[in-house]
Amino acid sequence: MQSLKELYKIGKGPSSSHTMGVARAALDFLKKCPNAARYRAVLYGSLALTGKGHLSDEAVLSALAPRRAEVEFNVTRTDLPHPNYMEMCAYDGADDLLLKTSYISVGGGTIAVEGEPAPRAEEVYPFRNFAEIMDYCKKKGKTLGEVAFDFEDAGDYLRNVWRAMCETVERGLSAEGLLPGDLKVTRKAKTLREANGTETPEAEEKRVVCSYAFAAAEENASGGTVVTAPTCGASGVLPAVLYYLRNKHGFSEKEIVAALAAAGMVGVTVKQNASVSGAEAGCQAEIGTATSMAAAAVCSLSGASIEETEYAAEIALEHQLGLTCDPVHGYVQIPCIERNAVAALRALSCAELARVLKGSRKISFDLVVETMYATGKDISERYRETSAGGLARLYRCD
């Protein structure tokens with residue numbers, strides 16, 4: 001399994017595949033052909049269908065700036081090796097083609113070059129699935145978070161990740177106005193955080209947790225800096241849960257870093273055996289994985305056993321099987337922002353449910369991951385980040 005550094009990436013939203021990934025492809029192509037007179041990027045599949053809303057064109061142009069460049073969205077080609085497919089072309093002063101390279105944005109900001117072996121980051125962890133991680137924990141008497149540090153020195157990196165998450169939430173809580181785009185979505189995080197009235201402590205908890213998730217998700221939607229956890233589109237779930245629990249219980253940075261490590265082991269398991277790409281497997285791959293990661297983080301902070309942690313992660317993903325990815329007008333706003341908040345609340349509930357029902361489970365986390373990936377492959381492409389089905393097809397702007 002790959003490093004947590006391949007899972008948690010700090011960068012600009014609103015999409016790890018459509019923004020971070022295409023920008024990395026453009027930068028990679030620039031290294032291959034740095035002195036062209038003109039560059040052209042052609043985006044296909046999901047990249048084309050949601051490109052404007054996902055700011056994909058802006059990401060490419062920014063990566064190539066100040067060079068002359070253009071971006072084309074091709075929504076007609078269907079014979080694609082992957083839903084997130086793009087071509088980069090370079091031309092000389094006579095407008096003759098110098099170089100053409102095709103890229104695949106495989107999810108989480110990672111890219112591959114067509115015709116070349118898929119890039120694989122160094123395999124840091126000697127595990128193939130979560131069952132092997134659990135077995136290691138039991139034999140060594142380790143917590144899930146401790147497993148990460150047995151195989152890589154990620155402490156400083158995760159501390160930076162946590163600080164970036166906090167900064168994202170805090171920026172989002174103070175921001176007001178409309179998010180970019182023609183949907184005219186109003187930022188709601190500050191309103192949620194500052195709302196008061198006659199509410200029970202339980203209702204207040206839910207409102208505050210939601211405010212943190214809205215804050216991070218709205219920052220992502222505006223193209224702000226976020227942490228992929230495991231993607232930009234799901235980047236509000238884990239920060240919201242950790243930020244809330246830190247404030248409520250006063251957890252130390254060391255404890256938060258351990259929780260991030262525990263969540264990361266869940267995330268890398270999904271990346272190893274399935275996908276975290278909405279274009280490949282629907283939103284169950286993004287929000288579903290994020291919810292499992294956050295549930296594992298809650299278990300880490302509460303001192304839960306590895307069995308309880310696996311159960312919490314399994315519940316979190318199992319009950320989001322089939323979740324579609326249908327961003328309205330291609331923006332990572334509707335239903336994406338609210339979905340982050342609902343998932344944050346669900347993560348807290350899953351951890352509590354696992355604590356109470358421990359020892360009674362029948363389904364393993366690994367089985368749910370396998371099922372999620374198979375389900376994602378079966379879902380119509382209309383519901384896999386193409387904005388061609390569901391809310392994206394039926395919603396009409398006022």
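The values are calculated or read from the model by the stated rules, or taken from the named source; none is laboratory data. A quick note: this is a predicted structure, and the numbers were derived from the prediction, not measured. Only protein heavy atoms, including side chains, enter the accessible area calculation; ligands, DNA and RNA are left aside. Shrake-Rupley method; radii C 1.70, N 1.55, O 1.52, S 1.80 Å.
List of remarks:
- Three-way shape label, region 1-124, alpha-carbon gyration tensor, a/c 1.5: prolate
- The lysines within cross-link reach of Lys377, meaning a Cα-to-Cα straight distance under 17 Å and a gap of 8 or more places when in the same chain, are Lys271.
- Principal-axis tilt of helix 22-32 within the chain, Cα atoms, nearest 10 degrees: 50
- Overall form of region 109-160 per C-alpha gyration tensor (a/c, 1.5; a/b vs b/c): oblate
- Overall Cα dimensions of the chain - principal axes, largest extent first, Å: 69, 51, 39
- Between helix 237-249 and the chain: long-axis angle, C-alpha atoms, 0 to 90°, nearest 10: 40
- Set of lysines with alpha-carbon distance to Lys190 below 29 Å, sequence-local pairs under 8 removed: Lys9, Lys12, Lys52, Lys206, Lys248, Lys254
- For Asp156, solvent-accessible area (1.4 Å; no DNA, RNA or ligand), Å²: 100
- Percentage, to the nearest whole number, of Cα pairs in region 258-377 over 21 Å apart: 32
- Shape category assigned to region 3-68 from the gyration tensor of Cα positions, a/c cut at 1.5: oblate
- Largest to smallest principal axis extent of the C-alpha atoms in region 142-220, angstrom: 46, 36, 18
- Figure note: Ser16, Ser222 ranked by solvent-accessible area, largest first, 1.4 Å probe, ligands and nucleic acids not counted: Ser222, Ser16.
- Taking every protein chain into account, the 1.4 Å probe leaves Leu99 with about 50 Å² of accessible area, to the nearest ten.
- Relative contact order %, region 145-258, counting alpha carbon pairs below 8 Å whose residues are six or more apart: 28
- Estimated at the nearest 10 Å², the accessible area of Tyr136 is 40 Å² with a 1.4 Å probe.
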